[in-house]
Amino acid sequence: MNTEVIIETRDLGKDYYDGDRVIPALRGINLKIYRGEIVGIMGPSGSGKSTLLYVLGLLHPPTSGVYLFKGQNILEFSKEEQAHFRNRELGFVFQSCDLLANSTVYENLELPLIYAEADTNIRRDKILRALERVGLSHRVDHWSNRLSGGERQRAAIARALVNNPSLILGDEPTGQLDQKNTDIVVEQLRNIARQGFTVVLVTHEDEIGRACDRIIRIRDGILVSDGLEAQAVGSPPKIGPEPTVSIT
Ligand SMILES: Nc1ncnc2c1ncn2[C@@H]1O[C@H](COP(=O)(O)OP(=O)(O)O)[C@@H](O)[C@H]1O
Ligand SMILES: [Mg+2]
């Protein structure tokens, strides 16, 4: 059983400000996420799901608390170190498909490799490998605006995977897909987790929640359950193996 903790937060808080008004979006979140899990973050609209995901993704700085990533206190990193860390260790899949339209699938997947300063000679292998993981190898030289909605979102997942990140974060990644494509994308995300990647998804759809290994529920910025209660105390969830060896 894999028990490696990928992320841990302690009393994580995030306030937004609207003029003089303070909006406490996260109020003391304590959680742990283990390697190879697919975790759903659920809760009513406005409960802080996206904020939590953005804070975990180092896209928004938290107001208070501790955030450990593989034991490292990444909030103490400089802005530059955080950006570098984000490029190497995190992959993002958003609701709206944000692939570059006038570019091929290859070019879209190459961008994060360029940001992460991956060597030119290994880029193609990494891109093909990521596309293979989502069953999209045959689309490598396609224009991204010629892909179907579901293929685009799979390409976006492949792009999130291409640097072999420790954590993949998705904010309602199937929010704009029809049922058939939703099923395909959810299946792909499950596959990714089975391959040893760690996936955290914000969703309000029960069906997607059921496809997750566990659900973290939040309400008014407070974690109301983390899905570990049903398991033995101190026993992390049963999860997949480490990712298969990557080309580095
Ligand atoms: N950029 C922002 N500025 C001010 N308030 C915000 C901002 N983003 C979110 N909020 C507020 O923070 C709370 C949590 O929002 P959010 O994380 O988007 O919730 P959810 O994703 O669960 O719908 C809400 O009250 C929302 O209005
Ligand atoms: Mg949201």
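No lab work stands behind these numbers, since they all come straight from the coordinates. Computed from a prediction, not measured in an experiment: that's the story for all the values here. Don't worry about glycine lacking a Cβ; one is built from the backbone with ideal geometry, like all the others, and counts go over all protein chains shown.
Given labels modelled 7 Å from the Cα in the Cβ direction, how far is it in nm from Glu76 to Asp125?
3.6
Grab the beta carbon distance between Asp178 and Asp20, set R0 = 51 Å, and tell me the FRET efficiency rounded to 0.05. Before the final figure, lay out each step's value.
Numbers: r = 44 Å, r/R0 = 0.86.
Given R0 = 51 Å and the Cβ-Cβ separation, E is 0.70.
Give the value in nm², to one decimal: projected area of the alpha carbon convex hull of segment 101-181, averaged over all directions. Working shown, then result.
Numbers: hull surface 21.9 nm².
Over all viewing directions, segment 101-181 projects a mean Cα-hull area of 5.5 nm².
Can you tell me how segment 170-235 classifies by the Cα gyration tensor, rounded, prolate or oblate, using a/c under 1.5 as the rounded cut?
Details: a/c = 2.40, a/b = 1.41, b/c = 1.70.
Oblate.
Taking the Cβ-Cβ separation of Arg210 and Gln95 as r and a Förster radius of 22 Å, what is the calculated FRET efficiency to the nearest 0.05? Let's see the in-between values first.
Numbers: r = 20 Å, r/R0 = 0.89.
That gives a FRET efficiency of 0.65.
Enter the mean projected area of the convex hull around the alpha-carbon atoms of the chain, in nm², rounded to one decimal. List each step's numbers first, then the result.
Details: hull surface 54.6 nm².
With every direction weighted equally, the projected area is 13.6 nm².
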